[in-house]
Amino acid sequence: MQRHQTHPLLAPVPGTERHIHSFHYGPSKPQGKVYIQASLHADELPGMLVAWHLKQHLAALESAGRLRSEIVLVPVANPAGLEQVLMDIPLGRYELESGQNFNRNFLDLSTQIGDELEGLLNQDPLYNRQLIRRHLREALGAQTATTQLQSQRLTLQTLACDADLVLDLDCDFEAVAHLYTTPEAWPQVEPLARYLGAQASLLATDSGGLSFDECFTLLWWQLQQRFGHDFAMPQGSVSVTVELRGQGDVSHALAEQDCQALLDYLIGFGAIEGTTGVLPPLLYPATPLAGVEPVMTPAGGILVFCASPGDYLQAGQLIAEVIDPVSDRLTPVYCTTAGLLYARSLRRMATAGMVIAHVAGQQAYRSGYLLSP
């Protein structure tokens with residue numbers, strides 16, 4: 001039976017308390033757990049509409065007795081950012097008080113938990129998974145948030161920490177459907193890319209920002225590196241950031257299409273009882289996140305794109321022109337990497353040094369911090 005839980009956040013000042021709302025579906029004795037959240041960047045709304053459609057389907061599937069796993073759905077993952085509107089412009093990517101990205105700097109507890117596990121692991125991967133999850137829940141429960149932002153991050157991380165599958169529904173500025181996950185998880189995530197019609201799948205074990213999805217996969221990977229030579233270490237979390245096209249792609253038709261793709265994937269994952277048809281084709285092979293070229297303009301001016309999301313570009317191909325309306329100077333902007341242009345800026349007035357597009361190349365060439373700011 002569906003359960004609706006509310007999780008109060010630390011109020012920055014009296015009288016301004018916000019809550020995270022989680023909806024829980026599934027049998028009384030679930031076989032696993034799936035966690036899905038939407039709009040962690042609060043101005044990225046396609047996922048929120050998909051979550052609304054999912055609520056209707058999950059309630060019906062639960063009534064029909066088809067849910068095998070507990071499925072936890074958080075349709076509004078960032079109430080703090082959702083209210084940040086300045087002169088009719090939503091500002092949901094960064095917290096205005098601190099300037100921090102809402103989807104960065106989640107807790108890394110791998111060293112602490114690894115130290116606690118010394119002498120406790122054995123050769124049973126199921127036992128080890130349960131042990132690690134218990135220590136993770138306890139470690140998160142012992143944390144004390146001192147700001148609303150920390151409180152929000154801690155609440156979300158706690159809700160998802162023991163899930164077998166974590167799906168973070170986001171979008172880009174102007175983009176085709178794409179996703180981010182790890183090389184280790186890719187074999188299990190590839191069907192999701194097919195169902196969603198993802199045109200880019202970007203892989204990295206550690207992109208450097210401790211984003212929401214990586215705070216789970218990175219912990220398990222680090223524990224595997226530390227203990228995997230001596231003990232049976234499972235892959236305790238498959239985590240994916242799903243980018244549902246661009247910010248303007250909010251429609252019932254797209255949301256229902258994406259909702260059905262997620263349900264088909266969850267059937268294949270084993271969380272929902274049922275059958276699906278033949279898998280759709282993979283539209284573009286998975287590529288390393290370190291192979292993505294952030295295309296930058298060297299000059300400011302009116303930004304006129306010559307290539308669109310979904311275009312496959314050759315190295316050296318023209319992406320945009322930047323026009324100075326005072327001097328009449330026209331600056332062409334080219335990509336240097338062959339690959340799929342999967343996202344571009346919403347802005348049409350460029351500033352010098354601004355990243356205007358991202359191209360998914362097949363060869364890794366970057367290192368360190370791999371994400372957008």
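The values are calculated or read from the model by the stated rules, or taken from the named source; none is laboratory data. The shown structure was predicted, so the numbers you read here are calculated from the model rather than taken from an experiment. For neighbour counting, all protein chains shown are included, and Cβ atoms are generated from backbone atoms with ideal geometry for every residue, glycine included. All accessible areas refer to the heavy atoms of the entire protein, side chains included, with ligands and DNA or RNA removed. Shrake-Rupley method; radii C 1.70, N 1.55, O 1.52, S 1.80 Å.
Okay, here's what the table says:
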item: Over the range 90-148, volume per residue of the alpha carbon convex hull, in Å³; result: 112
item: Alpha carbon convex hull of the range 170-225, volume per residue in cubic angstrom; result: 84
item: Note, ³J(HN,Hα) from phi for the range 324-333, Karplus 6.51, -1.76, 1.60, rounded to Hz, x at Gly and Pro; result: 8, x, 8, 8, 6, 6, 10, 10, x, 10
item: GNM result for the chain, Cα springs below 10 Å: residue of 187, 125, 285 fluctuating most strongly; result: 187
item: Calculated [θ] (222 nm, deg cm²/dmol) that DSSP helices of n ≥ 4 give over the chain, each run adding -39,500 (n - 2.57); result: -8500 deg cm²/dmol
item: Reference-scaled alpha-carbon Rg (2.2 N^0.38 Å with N residues) for the range 6-64; result: 1.41
item: Value of relative contact order over the chain, rounded to a whole percent, pairs C-alpha under 8 Å and six or more apart; result: 17
item: Computed label-point distance, nm, for sites residue 349 and residue 115 using a 7 Å Cα→Cβ extension; result: 5.1
item: Spin-label pair residue 230/residue 19, simplified geometry with 7 Å Cα→Cβ offset, distance in nm; result: 4.7
item: Pairwise FRET efficiency - residue 251 versus residue 336, Cβ, R0 = 35 Å, nearest 0.05; result: 0.50
item: Hz values of 3J(HN,Hα) by residue in the range 215-227 - Karplus curve (6.51, -1.76, 1.60), Gly and Pro given as x; result: 5, 9, 4, 5, 4, 5, 5, 5, 5, 5, 5, 7, 10
item: 5 Å-binned pair-distance histogram of the range 55-186 (Cα, whole percent); result: 2, 7, 14, 15, 18, 17, 13, 9, 4, 1, 0, 0
item: Equivalent ellipsoid dimensions for the range 292-373 as semi-axes, Å, which come from the Cα gyration tensor, largest first; result: 22, 14, 11
item: Cα extents of the chain along the three principal axes, largest first (Å); result: 67, 49, 44
item: Accessible area, probe 1.4 Å, largest first, for residues 311, 258, 230, 164; result: 230, 311, 164, 258
item: Share of carbon and sulfur in the accessible heavy-atom surface of the range 23-134 [1.4 Å probe, %]; result: 54
item: Relative contact order %, the range 107-263, counting alpha carbon pairs below 8 Å whose residues are six or more apart; result: 33
item: Whole-Å semi-axes of the ellipsoid equivalent to the range 205-256 (Cα gyration tensor, √5λ, descending); result: 34, 12, 6
item: Fluctuation leader among 358, 178, 135 - the chain, Gaussian network, Cα springs under 10 angstrom; result: 135
item: Measure of compaction for the range 42-128 (Cα Rg per 2.2 N^0.38 Å); result: 1.64
item: In degrees, nearest ten, helix 186-196 long axis to first principal axis of the chain (Cα); result: 60
item: Relative packing of 347-356, 290-299, 150-159, which averages over residues the other C-beta atoms within 10 Å, highest first; result: 150-159, 290-299, 347-356
item: Listed residues 214, 83 arranged by accessible area, highest first, probe 1.4 Å; result: 83, 214
item: Globularity index of the range 208-317, i.e. its alpha-carbon radius of gyration over 2.2 N^0.38 Å; result: 1.49
item: Order of exposure, largest accessible area first, which applies to 76, 176, 250 with probe 1.4 Å; result: 250, 76, 176
item: Amide H contacts of residue 295 (H built 1.01 Å from N, under 5 Å, at least 5 apart or other chain); result: 356, 357, 358, 359
item: Accessible solvent surface per residue of the chain, calculated while the other protein chains remain in place, 1.4 angstrom probe, Å²; result: 43
item: Percent carbon-and-sulfur accessible area, the range 179-257, ignoring ligands, DNA and RNA, probe 1.4 Å; result: 50
item: The range 115-237 - convex hull of the alpha-carbon atoms, volume per residue in Å³; result: 124
item: The range 261-316 - Kirkwood radius from inverse mean 1/r over Cα pairs (Å); result: 15.9
